1. Anything in region 44-78 that is in a loop (DSSP other than H, G, I, E, B) and surrounded by 13 or more Cβ atoms within 10 Å (Cβ to Cβ)? List them, or say none.
2. With farther than 19 Å from residue 43 by Cα and at pLDDT below 95 as the only criterion, which of 187, 157 stands out?
3. Restricting to region 92-124, count the residues that are of a type in the set (Asp, Glu) and over 19 Å from residue 170 (Cβ atoms).
4. Out of all the residues in region 5-27, is one or more among the polar types (S, T, N, Q), within 26 Å of residue 171 (Cβ to Cβ) and in a loop (DSSP other than H, G, I, E, B)?
5. Determine which single condition residue 131 fails, assuming it passes every other condition in (1) within 22 Å of residue 172 (Cβ to Cβ); (2) surrounded by fewer than 22 Cβ atoms within 10 Å (Cβ to Cβ).
6. Name, by its number, the condition in (1) of a type in the set (A, V, I, L, M); (2) in contact with a helix residue (DSSP H, G or I) (Cβ under 8 Å, 6 or more places away or on another chain); (3) outside any strand (DSSP E or B); (4) within 19 Å of residue 37 (Cα to Cα) that does not hold for residue 151.
7. Does residue 96 satisfy the condition of being crowded, with 17+ Cβ neighbours inside 10 Å and either in contact with a strand residue (DSSP E or B) (Cβ under 6 Å, 6 or more places away or on another chain) or not assigned by TED's automatic domain parsing to the domain that holds residue 7 (or both)?
8. Looking only at residues in region 1-43 that are without any contact (Cβ under 8 Å) to a residue 24 or more places away in the chain and not hydrophobic (A, V, I, L, M, F, W, C), which one is surrounded by the fewest Cβ atoms within 10 Å (Cβ to Cβ)?
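The values are calculated or read from the model by the stated rules, or taken from the named source; none is laboratory data. This is a predicted model, so every value here is computed, not measured. Positions of Cβ are backbone-derived with ideal geometry, glycine not excepted, and every protein chain shown enters the neighbour counts.
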Amino acid sequence: MAKAYVLMNCDLGSEIDVISSLKKIDGIKEAHGTLGLYDIVAKIELESEEKVMKMVTGVIRKMPKIHSTLTLTRSESQELFLPSENLVGMILGQNIAQAYVVIHCKKGEEYPTLKNLSHIPEVKEADVVFGFYDVICKIQASDNKTLENIITKAVRALPHIESSMTLNIINEQEQDIEKTQDRHLMAN
């Protein structure tokens, strides 16, 4: 299975519409509004890298409200993160605060960094990626203060990390998207 993360910038105020559209596309497993350098992050999982490339260039980049994208394709790596832990926390409502963190590592230290991240319980998934960054991880915590502490005191303190950028997921947009989808269902 090929995986990629697409960081996007879009027209001001169009984030909810763009995210809603992205979530309807087969192969896009997640799409979230973020705070930071990028407006939206989407995770794609498809059968091949070719299909991922076609989706990014033929679908996402052609969406009228998106002006720029940065694609990070996953390197083949070991599965160090258990998807079941991620689901249990979300179902129990324990992971309210979420963020993606993109990381620059010292040369050749991507896989040791990935392994170190796997020992932080709040890091629910991570991948070594090709592109402008070396590693991307998704962190979930019970609240924003805990999330901030995990990023500043655990993730950034790991050896071999040169720099990082945090993209906090905007929970309010997630709720607005659900309301919009409910309105569309009721109208049909």
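1. Looking only at region 44-78, we keep the residues that are in a loop (DSSP other than H, G, I, E, B), and these are 47-48, 59, 63-65, 75-78.
Of everything in region 44-78, those that are in a loop (DSSP other than H, G, I, E, B) and surrounded by 13 or more Cβ atoms within 10 Å (Cβ to Cβ) turn out to be 59, 63, 65, 75, 77.
2. 187
3. Within region 92-124, the subset of a type in the set (Asp, Glu) is 109-110, 122.
Applying the additional criterion that residues be over 19 Å from residue 170 (Cβ atoms) yields 109-110.
Going through region 92-124 one residue at a time, the tally reaches 2.
4. Taking region 5-27 as the starting set, the residues that turn out to be among the polar types (S, T, N, Q) are 9, 14, 20-21.
Next, only the ones that are within 26 Å of residue 171 (Cβ to Cβ) stay: 9, 14, 20-21.
Applying the additional criterion that residues be in a loop (DSSP other than H, G, I, E, B) yields 14.
Looking through region 5-27, at least one residue is among the polar types (S, T, N, Q), within 26 Å of residue 171 (Cβ to Cβ) and in a loop (DSSP other than H, G, I, E, B).
5. Single failed check for residue 131: (1).
6. Looking at each condition in turn, residue 151 falls short on (2).
7. On the way: crowded, with 17+ Cβ neighbours inside 10 Å: no; either in contact with a strand residue (DSSP E or B) (Cβ under 6 Å, 6 or more places away or on another chain) or not assigned by TED's automatic domain parsing to the domain that holds residue 7 (or both): yes.
No, not satisfied.
8. The residue in question is 26.
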